[in-house]
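Asks: Sending over a structure as structure tokens; questions will come in a sec.
The values are calculated or read from the model by the stated rules, or taken from the named source; none is laboratory data. These numbers were taken from a predicted model, which means no experiment stands behind them. Cβ atoms come from the backbone with ideal geometry, glycine included; neighbour counts cover every protein chain shown. The protein model used for the area step is the full one, side chains on, heavy atoms only, and it has no ligands, DNA or RNA in it. Shrake-Rupley method; radii C 1.70, N 1.55, O 1.52, S 1.80 Å.
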Amino acid sequence: MKSATLSERVIGKVSDFGPLFDYTIKLVLLASFLELVLYRLLSRLGMHLSKMAATHPWITPTFTTLTEVGAWLLNIVAVLLFLALTLTMVNRWGGTGNSRLVKLGIIGIAILLLLTVGFLVVQPGMLGAIIYNGLTLLVLAVFVSDYVLTHREPLQRVLAVTYFLGISGWLYYQIVSTSYSLMGTIVQPPLVYESHRMGEALMILASFCAFLAYGKSQSLSLRTRNRQQRSRAIWFWAVTGGTFTALIVVDYLLERIDPGFASAFRQASQGIGWIFQFGMGYTFYLPFAVYVGGLLCWSYTVMKLVAMGRLAGYGIGLMFIAGYALMFSNLTLMVVLGVMLLACDRTKVATAEAVSTSAGPMMPAPDGLMTGRA
């Protein structure tokens, strides 16, 4: 006999494309995270603590060493990104069901890689920066459109659109500002300040959308009957809610209890904002608790999906590790790779068939002849 059941399964896991792709993507995510911490964040922290170096001699050599390691990782990440993008393009191009839009996007990524190599030899100048950022915007639009067309969940579509609009705020700011500088005009570019601020807010909103689209599960539901899952959910929501609430009210409480300490606390938070502004491009003009909440949602979602081997985990991880201000070409390629990996992760309705082991197809019994009957 032949029976068929319909079920949904995830296609495009990181292990589905061979060991070379598997290890490359994992190394890209690990090296990118370490580069973010050691180079883009800790190096700025060392600058922030430079006043303390006179009384603490260990500060200067420690942060100098960490920065050198981070700079080394920056070059390693660039090489791994080239390899990962090449492997991803080959797998997507050779896959089934690719539309012309996807192939057009792959061609755009190949041009981006060629431009990146070319700009290592020839200085891009303002015109080169406009072309590079404009092509990046088009490539991201292509793969976000492919993601929206191939994913049915509304929250997943909201995540893709929100992130694209957020990162587009930075790209628009760069393209329009550079274009006006190239033309030599002193007129203020239209909506560059507003787009920059709105883009940052949408990036934070996208981190919450990532949790709602991929991180939220039965394991975090308070209605589950599983005691272990309920305990885990209680701890997660208690820590999240407590942290968010504490950050909201702590400034008011400190001001009432100890105004001097409250002033020092505000300066410390401004220092953290300064570090992240120079390291990732976030200006922290929104309440600090909103950024912390987004970080918690993003980190939980990425850890959960990476543990499951989902390409979406690696994609979302790279998309936000790159930050908001794409000051280097490797950060731009990191965003492109992240969006591409996110688009590769999808679910489809699969037909699971149990076919009998007979050599040929089953033939219907002739009329009047039934098994075991005359």
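Asks: Show TRP93, TRP170, TRP237, TRP58 ordered by accessible area, largest first, where the area counts protein heavy atoms only and the probe is 1.4 Å. Please report the intermediate quantities before stating the final value.
Replies: On the way: TRP93 120, TRP170 15, TRP237 100, TRP58 145 Å².
I get TRP58, TRP93, TRP237, TRP170, largest accessible area first.
Asks: In what order, largest first, do TYR39, TYR214 sit by accessible area if the probe radius is 1.4 Å?
Replies: On the way: TYR39 50, TYR214 15 Å².
Of TYR39, TYR214, the descending order of accessible area is TYR39, TYR214.
Asks: How much of ILE107 can a 1.4 Å solvent probe reach, expressed as accessible area in Å² and rounded to 10?
Replies: Result for ILE107: roughly 80 Å² accessible.
Asks: Assuming R0 = 41 Å, can you tell me the calculated FRET efficiency for the pair THR185 and LEU286, based on Cβ-Cβ distance, to the nearest 0.05? List each step's numbers first, then the result.
Replies: Values: r = 32 Å, r/R0 = 0.77.
The formula returns an efficiency of 0.80 here.
Asks: State, to one decimal in nm, how far the label point of PHE119 lies from the label point of ILE131, with both points 7 Å from Cα in the Cβ direction.
Replies: The two pseudo-label positions are separated by 1.1 nm.
Asks: Could I ask something else about it? Between ALA246 and MET327, how many nm apart are label points set 7 Å from Cα along the C-beta direction?
Replies: 3.1 nm
Asks: Let me check something: with ligands and nucleic acids excluded, how do SER181, SER299 order by accessible area (1.4 Å probe), largest to smallest? Show your work: numbers first, answer last.
Replies: Values: SER181 70, SER299 35 Å².
Ranked list, largest accessible area first: SER181, SER299.
Asks: Only Lys, Arg, Asp and Glu count, each charged at its Cβ (+1, +1, -1, -1), so figure out the dipole size of segment 91-202 about its Cα centre, rounded to 20 debye. Could the numbers behind the result be given before it?
Replies: Numbers: 6 positive and 4 negative charges, 63 e Å.
Rounded to the nearest 20 debye, it is 300 debye.
Asks: Quote to one decimal, in nm, the extra length available between THR65 and VAL90 on full extension: 0.36 nm per residue of separation minus the C-alpha distance between them.
Replies: Numbers: separation 25, 0.36 × 25 = 9.00 nm, distance 3.79 nm.
Result for the pair: 5.2 nm of gain on full extension.
Asks: While we're looking at this one, here's another question. Quick one: accessible surface of VAL239, probe radius 1.4 Å, all protein chains present, in square angstrom to the nearest 10.
Replies: Here the residue's solvent-accessible area equals roughly 80 Å².
Asks: Taking the full set of protein chains and a 1.4 angstrom probe, give the accessible area of VAL290 in square angstrom, rounded to the nearest 10.
Replies: Spelled out: VAL290, probe radius 1.4 Å, area about 40 Å².
Asks: Kindly rank 151-162, 196-207, 13-24 from highest to lowest mean number of other beta carbons found within 10 Å of each residue. List each step's numbers first, then the result.
Replies: Details: 151-162: 17.9, 196-207: 20.2, 13-24: 15.1.
Result, highest mean Cβ count within 10 Å first: 196-207, 151-162, 13-24.
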